Amino acid sequence: MGALLVTPEHRGVEASADDRARFEALVAEHLDGLYGSALRLTRNRAAAEDLVQDTFLKAWRSFGTFEAGTNARAWLYKILMNAYIDGYRRSSRLPEEVDQEDIGDFYLYAKAQESEQYRKAGDPEEILLSRVMDADVKEALERVPEPFRAAVILADLEEFSYKEIAEILDIPVGTVMSRLYRGRRHLQRLLWDYARRAGYGRDAASPPPKVPS
Amino acid sequence: MSEIDCNVVLERLWAFLDGEADEASSRELEAHIEACLHCREHADFERRLRAIIKAKCSGERAPLALRAALDRLLGDPG
């Protein structure tokens with residue numbers, strides 16, 4: 001996406017000062033949230049900025065058709081996701097990843113339960129959660145493949161309902177659930193990798209990294 | 001009143017934690033989770049995990065350059 005040097009004339013109709021004020025309020029309210037989601041989606045600051053700019057440009061152009069009092073956040077996210085998917089499809093060389101392995105929904109909890117090492121150390125769930133606290137969760141999330149990552153971002157970071165996500169992504173609720181659950185499984189598996197690596201680091205001969213001397 | 005077992009809780013846990021289980025199902029799950037230590041520990045774990053993920057992946061601030069670009073977009077003078 002190139003630079004978006006545009007003028008308000010793109011909107012086609014003369015924007016009233018009142019429209020502008022209402023739109024500016026939307027920008028102020030949702031900019032940080034949209035930027036955060038764009039960053040998790042695109043995994044790149046410049047691309048995230050372009051995507052958010054594109055989103056607000058499109059939103060501004062169609063602001064005349066937006067009904068006040070309806071769900072502005074969902075409306076903005078729908079525009080964001082459409083812009084992202086368009087750009088993503090054009091530039092994507094990543095095939096939709098298919099994980100054949102049936103790992104169950106609650107991978108991390110199952111791992112905590114079955115880990116001999118965590119059991120011996122006391123409270124396995126507490127240990128695992130503290131390792132997740134130390135993990136690079138952003139990076140793990142960004143490694144979840146599409147279209148599953150988008151579902152996790154919309155549900156678990158933005159806390160949209162299944163129905164809202166279905167409308168935002170223009171897919172059936174059943175598809176939302178299957179994408180979301182697969183995305184979560186994938187994320188849990190990645191987080192387990194981080195936790196396990198952190199564990200090996202601590203159990204090795206070298207001293208643990210975060211204990212004050 | 002049907003009593004549900006732990007496997008049913010597992011099947012519906014994500015929908016339940018997402019606030020997406022219907023009212024009757026939610027009541028059954030709540031009652032079971034209240035009474036069953038194992039399911040309660042599991043549900044707590046998933047809740048805390050989700051809170052950690054959200055906390056660690058949120059809180060980005062849009063850069064000033066983006067704010068400025070949006071001001072220009074809206075035709076702010078200057």
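Taking Cα atoms only, the orientation of helix B:37-57 departs from the longest principal axis of chain B by about 10 degrees. Go through A:Lys58/B:Lys54; A:Lys111/A:Lys163; A:Lys163/B:Lys54; A:Lys120/B:Lys54; A:Lys111/B:Lys54 and tell me which ones have a Cα-Cα distance over 23 Å in this structure. Check vs 23 Å cut-off fails for A:Lys58/B:Lys54; A:Lys111/A:Lys163; A:Lys120/B:Lys54. Across segment A:54-63, computed HN-Hα scalar couplings (Karplus, 6.51 cos²θ - 1.76 cosθ + 1.60, θ = phi - 60°) run 4, 4, 5, 4, 5, 5, 5, 4, 9, 4 Hz from first to last residue, x flagging Gly and Pro. As a calculated quantity, the FRET efficiency between A:Arg45 and A:Arg119 at R0 = 41 Å, using C-beta atoms, amounts to about 0.45. Spin-label model, B:Arg40 to B:Leu74: label points 7 Å out along the Cα-to-beta-carbon direction sit 5.0 nm apart.
Put simply, chains B and A cover up around 3900 Å² of each other's accessible surface, both sides summed, when a 1.4 Å probe is used. So, R0 is 41 Å and r is the distance between the beta-carbons of B:Glu23 and A:Ala17; what FRET efficiency does that work out to, to 0.05? After rounding to 0.05, the efficiency reads 0.35. For B:Lys56, the lysines whose Cα falls under 21 Å of its own Cα, not counting residues fewer than eight places away in the same chain, are A:Lys138, A:Lys210. Kindly state, to the nearest 0.05, the FRET efficiency for B:Glu3 paired with B:Arg48, given R0 = 30 Å and r defined as their beta-carbon distance. Taking R0 as 30 Å, the efficiency between B:Glu3 and B:Arg48 is 0.65. Inter-label distance, A:Ser130 to A:Ala110: 2.6 nm, where each label sits 7 Å from its Cα along the C-beta direction. Rounded to the nearest 10 square angstrom, A:Glu142 shows an accessible area of 40 square angstrom against a 1.4 Å probe. Phi angles across segment A:120-130 convert, under the Karplus curve 6.51 cos²θ - 1.76 cosθ + 1.60 with θ = phi - 60°, into 3J(HN,Hα) values of 5, 7, x, 8, x, 5, 4, 5, 5, 5, 5 Hz, Gly and Pro given as x. Remark: spin-label model distance A:Ala28-A:Ser62 equals 2.6 nm, labels positioned 7 Å along the Cα→Cβ axis. Axis angle, to the nearest 10 degrees, between helix B:6-17 and the longest C-alpha principal axis of chain B: 20 degrees.
The values are calculated or read from the model by the stated rules, or taken from the named source; none is laboratory data. Bear in mind the structure is a predicted one, so any value in this text is a computation, not a measurement. As a convention, Cβ positions derive from the backbone with ideal geometry for all residues, glycine included, and neighbour counts pool all protein chains shown. The accessibility values were calculated without ligands, DNA or RNA, using every heavy atom of the protein model including side chains. Shrake-Rupley method; radii C 1.70, N 1.55, O 1.52, S 1.80 Å.
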